1. Which value in nm describes the separation of the simple spin-label points at I202 and S179, placed 7 Å from the Cα toward the beta carbon?
2. Mind putting a number on the dipole of the stretch 1-118 about its Cα centre? Charges go on the C-beta only, +1 for Lys and Arg and -1 for Asp and Glu, and I need it in Debye to the nearest 20.
3. Beyond 28 Å between alpha-carbons counts as too far, so tell me which of K100/K167; K167/K204; K100/K192; K18/K120 fall in that bin.
4. Over the stretch 110-215, calculate the relative contact order: mean separation of alpha carbon pairs under 8 Å at least 6 apart, over the residue count, as a percent.
5. Report relative contact order for the chain in percent, whole number only (criteria: Cα-Cα under 8 Å, sequence separation at least 6).
6. Would you mind ranking H32, H217 so that the residue whose beta carbon has the fewest other beta carbons within 10 Å leads the list?
7. If packing is taken as the mean number of other Cβ atoms within 10 Å per residue, what is the order of 59-66, 155-162, highest first?
8. Using alpha-carbon positions, what is the distance between the centroids of the stretch 184-248 and the stretch 96-136, in Å?
Amino acid sequence: MYCSFAENMRIALIGYGKMGKAIEEIAVKAGHTITSKSDIGQLNVTDLAKAEVAIEFTQANSVKENVIKCFEANVPVVIGTTGWYSQFDEIKEIAQNENKTMFYSTNFSLGVNIFFALNKYLAKLMNQYEMYEPSITEAHHVHKLDSPSGTAITLAEGLISNFNRKKQWVNSIDNNTNSKNPFDLNIESIRKDEIPGTHTVIYKSEIDDISITHQAHNRMGFAMGALKAAEWLKGKNGIFTMNDMLKF
């Protein structure tokens, strides 16, 4: 059950697929008003301007256009889409130059963000033991277009920053192209059925294995996190992440 401590807000939904519908369901129950619902190519600045905040869940190639339209409407935007990070610096510069507001994350689930913190701590512990070889596996539904997932990339970056022997991550699909370079951190991506999202960080040795896993049961955790971010963003100005909201 979602518990909102924010006053009624006017929210624009950008992307009305499964995530958009999940956000709508809990937002309405929490007493918020959905001012507009748009899919790719339907976004209208006039409609956006009626909202106090926008929540964006579309596709990576649409993020820049959607975010810029939110800036034009002077509406803060929560970006839930993943896979757009090659354009991050450009979008960040526009936001800073125009004094606009955005909130982004590779994953809005509270559990996943706790998992991120655990991953960093575990990497610090394991860094001193050379017999352990780390890797990451991520599994999602067949409709997910980006690979590896944004969550897996965040896990990889958190691990590498605390584990001296790994310098970069590399991605393989269904374990077909794992790197043998000792400085590479392998991320295996699996796309199967309707899996909401499972991420595992494992340290293997000849003696034993140590692993941590986060398994999502449905989309509601992501939807609730995105809505909570929209509520938290009200009245703020700048560029924010889940670390700012959760204070990890």
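Only the coordinates and a few stated rules stand behind these numbers; no lab work does. Note that the structure is a prediction, hence the values are computed from the model and not measured. Positions of Cβ are backbone-derived with ideal geometry, glycine not excepted, and every protein chain shown enters the neighbour counts.
1. With each label point 7 Å from Cα toward Cβ, the separation is 1.9 nm.
2. I would put it at about 280 debye.
3. Pairs exceeding 28 Å: K100/K167; K100/K192; K18/K120.
4. Computed value for the stretch 110-215: 35 percent relative contact order.
5. 21 percent
6. On the way: H32 23, H217 8.
Listed from fewest to most nearby Cβ atoms, that is H217, H32.
7. Numbers: 59-66: 17.5, 155-162: 20.4.
Descending mean neighbour count gives 155-162, 59-66.
8. Each part's Cα centre sits 8 Å from the other's.
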